[in-house]
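Q: Take this structure, written in C-alpha cells, and hold onto it; I'll ask about it next.
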C-alpha cells in the first residue's frame, strides 16, 4: 500500500531535534557505547550537563525518534544510528574535501575509447575522453571513495552501483529504505535519461519521493535467470566494470501494449536469452533461443 511522502514540516522538526550541542553530544555518547544501554545518570555525567532538568528536556526532544528509553536507560533507535552513522561516515561533511581522479576506467561502450572517472563534490562522473559520451554520473558517499586507493575507484564505483541497483530492484529506496515502484519510462509520461529511451527505467520512492533512473539491462542483471545464463557462458560480472558489459546495457528491446510487455534479448557469443517483463519490471517469461 503506498505511503505518503514525508512532509517538509516533518523534516524541519527532525533537523530541529539535532540542532543543539547537548543533543549532538548525547547522540555521540550513545554511539560510542556500542548499543549498550546508558542510564540517565551515566549519560548525564558523560555529556557533562549539571542541571538534571535541562538534561531531561534534551533527552525528551530526542525521544522516541532518535532515542529509545526503557527501565535501564537510553539507546539509539535505528533512525538515531542512521543519523550518527552518516555523520561519522562523512556523508555531510567531507564531500567537498575529497577529489579523486581522473582514473582510467576501461573501455567506452559506445566507441571503445578510454573512459575516465573522477570523484568531485560528492559525485562520481565517468565520461569518454575520445567520443565525449557521458557514461554515468551518480552520487556516492565520501566514505565509499576515501576507504580505497584512487586506482581502485572504477572497481569500487562499479560494485557500489551494483549494490545500489540491487536495493532498488528489490524494492528498497537507496536513501530512506522506503518502498520503491519501478516502471519502464516508455510506459509513462516521464522523461527518459538513458539513451535510447526505451532502455530507461524509473524508480520512485513512495515515502521520500526520490527518483532514480537505471538502464533496464542493469535491472535485469539481478534476475537469477540472467545470472545463470551469464555464468553458463563464462561471463563473471565481477571481472568487468558494469559499463563495459555492452551486451547487457544495449540489449535488443521491443515493447508491446495491453497488457504492457517489454522483451529484452541478451546475446553472448552464439547464445541468446529473451526476458519479458511487465510494467512493474517483474519477470513474466524467459526463453533460450
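Any read-out appearing in this document is the output of simple, stated calculations on the displayed coordinates, not a laboratory observation. Keep in mind the model is a prediction, meaning the values are calculated, not measured. Don't worry about glycine lacking a Cβ; one is built from the backbone with ideal geometry, like all the others, and counts go over all protein chains shown.
Q: What ranking of 26, 145, 135 emerges when the number of other C-beta atoms within 10 Å of each C-beta is taken as an exposure proxy, fewest first?
A: Listed from fewest to most nearby Cβ atoms, that is 135, 145, 26.
Q: Compute the acute angle (0 to 90°) between the alpha-carbon long axis of helix 153-169 and the principal axis of greatest extent of the alpha-carbon atoms of the chain; round to the nearest 10°.
A: That helix lies at roughly 90 degrees to the long axis.
Q: When the chain is treated as a GNM, springs tying every alpha-carbon pair under 10 Å, which of 182, 274, 79 comes out with the largest mean-square fluctuation?
A: Answer for the Gaussian network model of the chain: 79.
Q: Going by C-beta contacts inside 10 Å, put 50, 25 in order with the fewest on the left.
A: 50, 25
Q: Go ahead and set up a Gaussian network model of the chain, Cα springs under 10 Å, then flag whichever of 52, 139, 251 fluctuates most.
A: Of 52, 139, 251, the most mobile in the Gaussian network model is 52.
Q: Mind pulling the angle between the C-alpha long axis of helix 78-88 and the longest principal axis of the chain? Nearest 10 degrees, somewhere in 0 to 90.
A: Here the helix axis deviates by roughly 80 degrees.
Q: Follow-up. In whole Å, largest first, what are the principal axis extents of the Cα atoms in the chain?
A: On the principal axes, the chain reaches 75, 45, 34 Å in Cα extent.
Q: Where is the GNM fluctuation largest for the chain (alpha-carbon springs, 10 angstrom cutoff): 204, 212, 42?
A: Highest fluctuation of the listed residues: 42.
Q: Return the distance in nm (one decimal) between the two label points of a simple spin-label model at residue 233 and residue 272, each offset 7 Å from Cα along Cα→Cβ.
A: The modelled label-to-label distance comes out at 1.1 nm.
Q: Quick one: if you stick a label point 7 Å off each Cα along the C-beta vector at residue 24 and residue 283, how many nm between them?
A: 4.8
Q: If you don't mind, another one. With runs of 4+ DSSP H residues as the only contributors, calculate the mean residue ellipticity of the chain at 222 nm using -39,500 (n - 2.57) per run, divided by the residue total and rounded to the nearest 500. Let's see the in-between values first.
A: Numbers: 10 runs with 92 residues, N = 289.
That calculation yields -9000 deg cm²/dmol at 222 nm.
Q: Further question: Helix 8-17: angle to the longest alpha-carbon principal axis of the chain, degrees 0 to 90, nearest 10?
A: 50
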